[in-house]
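Heads up, the thing below is written out as structure tokens.
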Amino acid sequence: MEARSSVIHWLSLLKASCRNYAVVLVGTHFDMVDIDSKEYNTNCDFVKSLAGDFPHIAKCVFVSCKSGLGVPLCVGVLVTVAISQSFAGEEVPKQFFDIENRLLKFCSSLADDKGKYLAAPIISWNKFSTLCQKMKLESEEEQKRAIIFLSNIGAVCYFPDVDKNVITIDPMYLTNLFASIVSMKNQFTKKGVMSIKDLKQIWLPPDHPHELHPFFMSLLESFELIYRLEEEKILIPALLPKGPLTESENVEITWGEMRNHRPLPIVPVKRKEMANPSAPPPPPPPPRPPRSRGAYLNIEPVVKRKVKQFSRFFLFKTIPHGLFPRLIVRSLNSLDWTPDVFSKDWMKMTKEDDSVLLQQLWDEKKLYIRVRGENPAASFVDLIDGISTLITECYHMKVVSVIECVHCIAQSNHDNPLAPTLFTLRQIEAEVAAGRPMVLCKGETPVPLSELAPDVVLENLSDCDLATWTDVEIEDKPAGIGGYAEVFKGIYKGQEVAVKRFKGDLFNSSTESNNTSVFAAFRREVAFMATLRNKNVVSLKAVLLDEAIGVVMEWCDQGSLFDCLHVNDLPISWMNRVYIAKDIVKGMRFLHSNNFIHRDLKVIEKSVLSAKSANNTLGAFGDGDGFLRLLLWMYIVQYSLLHVLFFLFFFFFFFFFFLNRVPMFF
């Protein structure tokens, strides 16, 4: 059973890390296996069961290292599978392989007879560039292509985002480096915390020179394996003690040690001080009776009726080993949450009046999230979105989300523990799509969907309505048609609006997996847009979830900026051009100040930039009544430095054409 879990774990890692690949499973000790035995048939059935979850498994062969039985077949299978790959037959310059051979020889020259490195197997970009030039690869483009090829085949490791001048010519060297910190227990790590100065005792020269230690630290941080504290300390979540923690095991880290210097301290939960310090401490309270449905149920039930609770399970087929440590690092990097107590598989955080519990139930292959507070919906939605992003975008894993019934939790207590009814996220989404506000607990008690999954019903949208299609009057003919949606001009609450209706049945069972991901993206984008309120940004007025999903936005009656410049050929004075440019800058500045970037400003011929004024003329720009707005739908992402640099380049490029009234076609 342990060997099977290990196989699933490694297959999951490959699935999360690679795109185009093939896997050949090799079973060893074939000489010791009776092909007629039950164990052999069980193993064969196990391999067959993997095909559905891991379609990249190409073959499975059995070999005997002792007798050589099956080895020729294994070699033939490997060659056949390799030749069948999409990249087979691709033309690659011979110089790339010559560079690889040169690097292998140089790497071997750095090691002694026992294989221990006498110097770090790392070279600078200048040295690599010189080697490429000797191989007649003169241009920088060819050299970059060479380093990408060598990285893809696993010959070198190159992380330009961390340090573009450092190239590791032995990938195993970095694997051992990471293992020396996150896998191996040592005398310098206490409860997951290590002093940076002690790294000199672990990373010893000559193979780990001191001048490379900052690069190693940055690399560990980029992989979210450590969190750097002040006072020259680092936190290694993978080496935290297992939990839940007792009072003596709590990890104490004061906020003075944190890089952000927040005013509140991170302290473990302690017993209240007594009025008389000299009096003996009271006896400990009797232990609570254990529950039968898993470790998470040992947590106290909701006793204050004013306190609301939202909770969710993520059910995995196998939990990646690094998932929860990365979750801890991301939480510590957050500017909103204050971690109180955490261990290797248990973490408690607070934000204002809300408390959060994250727990990894390794044996049950579950991740449990619980948020409590007087109004914890917004905190819960943010947390669920962050965790879902980590699971889907970083690990590329499919999980089942399960929601606990709040009615059952409210009725439960220590004397009468109740196992809550569980609803799948898919069930809740189907109820929302059907326009039903309630779901029945155990077929009897109606429970509002907003109390189960506020992220699905979009309850916490600020300055935005949850409306129905009967609340909106739309024209018969669409104003615009796209690949996934149609845009209509309509009336909502007496105002002209643009109504975007998505095509098809989002909850058609034939495309359930794809539709669920689309609906999740829809919810995320709506949540983003609802927080953006600025006169230079098209505002979201309402969300429609019955019959079909849609959104209600502002109607910009002057059309696109492209039409105003080139189709309608309206005369625009230089002063009005400056006003329009200022409005664009104001809108983009507002987005950047909120950590968002438009990312599609270039498509001006597709109504991304729209004009609106009080008197339906462009002459009102800049007078306070009219303004130019940015249409953001489905183009908002959290910004990075690369996004900002790209935007600045195109921004000035756009204004050159705009001020000279030259058409832009891409």
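The values are calculated or read from the model by the stated rules, or taken from the named source; none is laboratory data. Nothing here was measured: the structure is a model prediction, and the numbers come from that model. A quick note on method: Cβ atoms are made from the backbone with ideal geometry, for glycine too, and the neighbour counts reach across all protein chains shown. Heads up: the accessible areas ignore ligands, DNA and RNA and are worked out on the full protein's heavy atoms, side chains in. Shrake-Rupley method; radii C 1.70, N 1.55, O 1.52, S 1.80 Å.
Here is a check on your reading of the model: is residue 105 charged (D, E, K, R), within 30 Å of residue 170 (Cα to Cα) and open to solvent by 70 Å² or more (accessible area, probe 1.4 Å)?
yes
Scan region 176-196 for residues that are in a helix (DSSP H, G or I) and either within 14 Å of residue 122 (Cβ to Cβ) or more than 27 Å from the chain's Cα centre (by Cα) (or both) and jot them down.
176, 177, 196
Among the candidates 245, 220, 240, which residue alone is buried (at least 18 other Cβ atoms within 10 Å of the Cβ), modelled with pLDDT of 90 or more and under 19 Å from residue 324 (Cα atoms)?
Exactly one of 245, 220, 240 is buried (at least 18 other Cβ atoms within 10 Å of the Cβ), modelled with pLDDT of 90 or more and under 19 Å from residue 324 (Cα atoms), namely 220.
Taking region 301-328 as the search range and keeping residues that are among the aliphatic types (A, V, I, L, M), more than 18 Å from residue 9 (Cβ to Cβ) and surrounded by fewer than 18 Cβ atoms within 10 Å (Cβ to Cβ), which one is modelled with the highest pLDDT?
That would be 307.
Only one residue in 207, 161 is open to solvent by less than 40 Å² (accessible area, probe 1.4 Å) and among the acidic types (Asp, Glu). Which one?
207
Report yes if residue 402 is open to solvent by less than 50 Å² (accessible area, probe 1.4 Å), under 30 Å from residue 15 (Cβ atoms), touching a strand residue (DSSP E or B) at 6+ places or on another chain (Cβ under 6 Å) and among the aliphatic types (A, V, I, L, M), otherwise no.
The answer is yes for residue 402.
Just to be sure I understand, how many residues within region 111-153 are assigned to a loop (DSSP other than H, G, I, E, B) and either in contact (Cβ under 8 Å) with a residue 24 or more places away in the chain or within 38 Å of the chain's Cα centre (by Cα) (or both)?
10
Among all residue pairs at least 6 apart or on different chains, which show Cβ distances below 6 Å where the first residue, located in region 464-486, is in a helix (DSSP H, G or I) and the second is open to solvent by 70 Å² or more (accessible area, probe 1.4 Å)?
Qualifying pairs under 6 Å: 469/547.
Could you give every pair whose Cβ atoms fall below 7 Å, whose first residue belongs to region 398-419 and is within 18 Å of residue 368 (Cα to Cα) and in a loop (DSSP other than H, G, I, E, B), and whose second residue is of a type outside the set (Phe, Trp, Tyr) and open to solvent by 20 Å² or more (accessible area, probe 1.4 Å), counting only separations of at least 6 or pairs across chains?
Within 7 Å, the pairs are 399/315; 405/421; 418/411; 419/293.
Of everything in region 367-397 that's more than 18 Å from the chain's Cα centre (by Cα) and part of a strand (DSSP E or B), which residue is farthest from residue 306 (Cα to Cα)?
Checking each candidate, the answer is 370.
Report yes if some residue within region 66-83 is open to solvent by less than 90 Å² (accessible area, probe 1.4 Å), assigned to a helix (DSSP H, G or I), modelled with pLDDT of 80 or more and closer than 22 Å to residue 156 by Cα; otherwise report no.
The answer is yes; a qualifying residue exists.
Yes or no: region 490-507 includes at least one residue that is open to solvent by less than 30 Å² (accessible area, probe 1.4 Å), more than 23 Å from residue 588 (Cβ to Cβ), at pLDDT 70 or above and not in a strand (DSSP E or B).
no
Any chance region 64-87 includes a residue that's of a type outside the set (Asp, Glu) and in contact with a Gly (Cβ under 7 Å, 6 or more places away or on another chain)?
yes
List the number of the failed condition for residue 112; all other conditions in (1) modelled with pLDDT under 95; (2) open to solvent by less than 30 Å² (accessible area, probe 1.4 Å) hold.
Exception for residue 112: condition (2).
Residue 99 is checked against (1) surrounded by 16 or more Cβ atoms within 10 Å (Cβ to Cβ); (2) at pLDDT below 90; (3) more than 34 Å from the chain's Cα centre (by Cα) and fails just one. What number does that condition carry?
(2)
Considering only region 550-569, how many residues are modelled with pLDDT under 80 and either loosely packed, with under 15 Cβ neighbours inside 10 Å or under 26 Å from residue 454 (Cβ atoms) (or both)?
So the count comes out to 4.
For the subset of region 174-204 comprising residues that are open to solvent by 20 Å² or more (accessible area, probe 1.4 Å), touching a strand residue (DSSP E or B) at 6+ places or on another chain (Cβ under 7 Å) and of a type in the set (A, V, I, L, M), which member is nearest to residue 321 (Cα to Cα)?
This residue is 193.
Can you list residue pairs whose Cβ atoms sit under 8 Å apart, with the first residue in region 67-84 being over 9 Å from residue 24 (Cβ atoms) and among the small types (Gly, Ala, Ser) and the second being at pLDDT below 90 and loosely packed, with under 13 Cβ neighbours inside 10 Å? Count only pairs 6 or more apart in sequence or on different chains.
So the pair list comes out as 82/88.
Output yes when any residue across region 37-48 is among the hydroxyl-bearing types (Ser, Thr, Tyr) and at pLDDT 85 or above, and no when none is.
No: region 37-48 contains no residue that is among the hydroxyl-bearing types (Ser, Thr, Tyr) and at pLDDT 85 or above.
So is residue 50 at negative phi, assigned to a helix (DSSP H, G or I), under 31 Å from the mean Cα position of the chain (by Cα) and not small (Gly, Ala, Ser) or not?
Yes: the conditions hold for residue 50.
What are the pairs with Cβ atoms under 7 angstrom where one residue, in region 334-350, is open to solvent by less than 20 Å² (accessible area, probe 1.4 Å) and the other, located anywhere, is assigned to a loop (DSSP other than H, G, I, E, B) and at pLDDT 80 or above? Sequence gap at least six, or different chains.
342/240; 343/240; 343/241
Give the residue that is farthest from residue 215 (Cα to Cα), with candidates limited to residues of region 154-175 that are part of a helix (DSSP H, G or I) and in contact (Cβ under 8 Å) with a residue 24 or more places away in the chain.
Out of the qualifying residues, it is 173.
Which of the residues that make up region 53-65 are outside any helix (DSSP H, G or I), in contact with a Ser or Thr (Cβ under 9 Å, 6 or more places away or on another chain) and either of a type outside the set (A, V, I, L, M) or open to solvent by 30 Å² or more (accessible area, probe 1.4 Å) (or both)?
Correct list: 54, 58, 59, 62, 64, 65.
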